[in-house]
Amino acid sequence: MFEIPEIKLLKGLCTLDFGATIPEVKKVLGEPQEIQNLSDDILNTSSIAYHYWDDGYSIFFDVLNNKKFNSVELDHKETMLFNTKLFFLNEKELVQLMKANGYALSETENHPWGEKRLSFDEAGLDCYFQNHKIASVNFGIIENFEQSGFFAN
């Protein structure tokens with residue numbers, strides 16, 4: 001468990017690097033509260049999600065890549081990105097923080113259920129806003145992104 005999750009874009013979460021195996025993740029985080037198998041027949045993808053609900057994150061493993069850690073979903077309010085508490089930023093502040101660190105806003109989308117997504121494709125980062133506040137964040141590796149278009153979120 002991480003007391004304060006730190007996003008390391010394109011690298012991992014805190015001390016966990018993308019590419020870690022399930023046993024390596026469990027050694028650091030312990031047993032998940034829930035394990036979920038996810039698949040998308042259209043994109044031909046399959047993932048295993050380890051949910052650590054009480055800690056505010058889910059860890060995803062790419063089944064087609066030897067079950068390696070490849071992305072994270074966070075809703076932990078103390079999450080840090082570039083030494084900044086991410087969940088305390090509004091949309092404009094997020095865009096400024098990312099731009100200051102070399103990542104441009106790629107896309108925004110308003111979802112029918114009320115969330116707004118801001119994507120920073122070069123960073124492998126999607127931030128979801130509800131009522132003008134960040135509700136959750138997804139980030140991961142982006143290798144083969146152009147080929148598959150898949151990003152576990």
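The values are calculated or read from the model by the stated rules, or taken from the named source; none is laboratory data. Source: prediction; values computed, not measured. We place every Cβ from the backbone using ideal geometry, glycine too, and count neighbours over all the protein chains shown. Just so you know, the surface numbers come from the protein's heavy atoms only, side chains and all, with ligands and any DNA or RNA stripped out. Shrake-Rupley method; radii C 1.70, N 1.55, O 1.52, S 1.80 Å.
Just to be sure I understand, how many residues within the range 97-118 are surrounded by 12 or more Cβ atoms within 10 Å (Cβ to Cβ), touching a Phe, Trp or Tyr at 6+ places or on another chain (Cβ under 9 Å) and more than 19 Å from residue 132 (Cα to Cα)? Show your work before the answer.
The first filter runs over the range 97-118 and keeps only residues surrounded by 12 or more Cβ atoms within 10 Å (Cβ to Cβ), leaving 97-99, 101, 103, 105-106, 108, 115-118.
Subset that is touching a Phe, Trp or Tyr at 6+ places or on another chain (Cβ under 9 Å): 97-98, 101, 103, 105-106, 115-118.
Filter once more, keeping what is more than 19 Å from residue 132 (Cα to Cα): 101, 103.
Of the residues in that region, 2 qualify.
Select from the range 28-65 the residues that are of a type in the set (S, T, N, Q) and either open to solvent by less than 40 Å² (accessible area, probe 1.4 Å) or not in a strand (DSSP E or B) (or both) and list them in ascending order. First the steps, then the outcome.
Taking the range 28-65 first, the residues of a type in the set (S, T, N, Q) are 33, 36-37, 39, 44-47, 58, 65.
Result: 33, 44, 45, 46, 47, 58, 65.
Does residue 106 meet the test of being more than 13 Å from the chain's Cα centre (by Cα) and hydroxyl-bearing (Ser, Thr, Tyr)? Lay out the reasoning, then the answer.
On the way: more than 13 Å from the chain's Cα centre (by Cα): yes; hydroxyl-bearing (Ser, Thr, Tyr): yes.
The answer is yes for residue 106.
Starting from the range 7-18, take each residue that is touching a residue at least 12 places away in the same chain (Cβ under 8 Å) and under 8 Å from residue 140 (Cα atoms) and list its partners that are of a type in the set (Phe, Trp, Tyr) and crowded, with 19+ Cβ neighbours inside 10 Å, counting only C-beta distances under 6 angstrom and pairs at least six apart or across chains.
As it stands, the answer is 12/18; 18/69, since those pairs meet every condition given.
Inspect the range 66-89 for any residue being surrounded by 18 or more Cβ atoms within 10 Å (Cβ to Cβ), within 16 Å of the chain's Cα centre (by Cα) and β-branched (Val, Ile, Thr) and give the result as yes or no.
Yes, the range 66-89 contains at least one residue that is surrounded by 18 or more Cβ atoms within 10 Å (Cβ to Cβ), within 16 Å of the chain's Cα centre (by Cα) and β-branched (Val, Ile, Thr).
Which is more than 18 Å from residue 137 (Cβ to Cβ), outside any loop (DSSP other than H, G, I, E, B) and at pLDDT 95 or above, of 72, 25, 95?
On the way: 72 fails: more than 18 Å from residue 137 (Cβ to Cβ); 95 fails: more than 18 Å from residue 137 (Cβ to Cβ).
Result of the check over 72, 25, 95: 25.
Take residue 11 and decide whether it is more than 25 Å from residue 131 (Cα to Cα), open to solvent by less than 70 Å² (accessible area, probe 1.4 Å) and of a type in the set (Lys, Arg).
Working: more than 25 Å from residue 131 (Cα to Cα): yes; open to solvent by less than 70 Å² (accessible area, probe 1.4 Å): no; of a type in the set (Lys, Arg): yes.
So residue 11 does not fit the description; no.
Within the range 118-139, count every residue that is in a strand (DSSP E or B) and under 20 Å from residue 85 (Cβ atoms).
15
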